[in-house]
Structures are given as C-alpha cells and as structure tokens.
Amino acid sequence: MSYTHLCPEERYYIEIELKKGTSQNKIAEALERSQSNISREIKRNTGQRGYRHKQAEDFAQERHKNKPKEVKLTDEIKGIVNVRIEDDWSPEQIAGRLKQVGAPCYLTKFRDSCRRDSFTYAANRRCSSHPASATD
C-alpha cells in the first residue's frame with residue numbers, strides 16, 4: 001500500500017465514524033488505509049472539541065506549508081557561481097564563499113551544477129580561443 005495524503009472526504013468520514021463510536025480498525029478497513037495512518041491522523045488533528053474534519057484539513061495544510069522545503073539555487077546565487085567559475089574557482093572554494101556570506105549551498109548539488117556549468121564554460125572557452133581547424 002503506497003502512501004497518499006488523506007483527502008477531505010476521508011477526513012469527513014473519519015469524523016462521522018468517530019461520532020458513531022466506530023473503532024479505528026473499522027475506519028481503516030473502510031478507507032483501505034492502515035490503522036496506524038488513521039491513528040496518527042486522529043492524534044495529530046484532534047483539537048479541544050474533538051476530531052473535526054475541517055480543522056483536521058486546516059492543521060494538515062498548515063503543517064505542509066510550514067515544513068522545511070529544499071532550498072533551490074536562486075538567480076543571485078547562480079550569478080555568483082558563474083562569476084567564480086569564470087575566475088577558475090573550485091566548487092569547494094565557491095561553496096566556502098557562499099557559506100561566508102550566509103547563502104545556502106549544498107556542495108553536492110552545487111558540485112554537480114558546477115561540473116555542468118564549468119564543462120560548458122571550458123568547452124566554450126576552448127572553442128573561442130582555439131578554433132577548430134578545417135580537418136577536425
């Protein structure tokens with residue numbers, strides 16, 4: 001069973017069934033979800049007035065909105081990286097400089113990006129400084 005988020009209709013069903021006194025196991029079977037998934041849902045989203053589907057949906061959306069997201073390279077950081085690549089800085093040197101100025105930089109992703117960019121840069125530089133001969 002692969003994991004998918006509960007939809008608002010499933011949350012509404014959980015609320016109705018809990019009010020009827022249905023067990024979590026029976027709710028899980030009806031929704032074709034694991035019992036632990038239903039248990040976590042109820043535990044995370046029960047407020048002072050019990051489990052309410054609209055409140056549960058709001059709580060889930062808020063948690064999703066506030067969870068840490070992967071930081072992507074911004075245009076500003078890409079500009080800094082490109083300038084340093086042109087100055088023949090290594091990925092480690094560029095990552096170190098970005099860290100000094102407080103810019104987020106994941107060295108592995110940066111190194112992969114740097115390899116692609118520096119390869120393109122180096123290839124372009126070679127082509128412009130050493131034009132291919134007619135025999136190539």
Sorted by chain and number, the residues with a modelled amide H under 5 Å from that of ARG33, at a separation of 5 or more or across chains, are none
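Out of all Cα-Cα pairs in the range 1-100, roughly what percent, to the nearest whole number, are more than 24 Å apart?
Details: 2315 of 4950 pairs.
That fraction is 47 percent.
Where a number appears in this text, it was derived from the coordinates with a stated rule and is not lab data. Remember, predicted model here, so these are calculated numbers, not experimental data.
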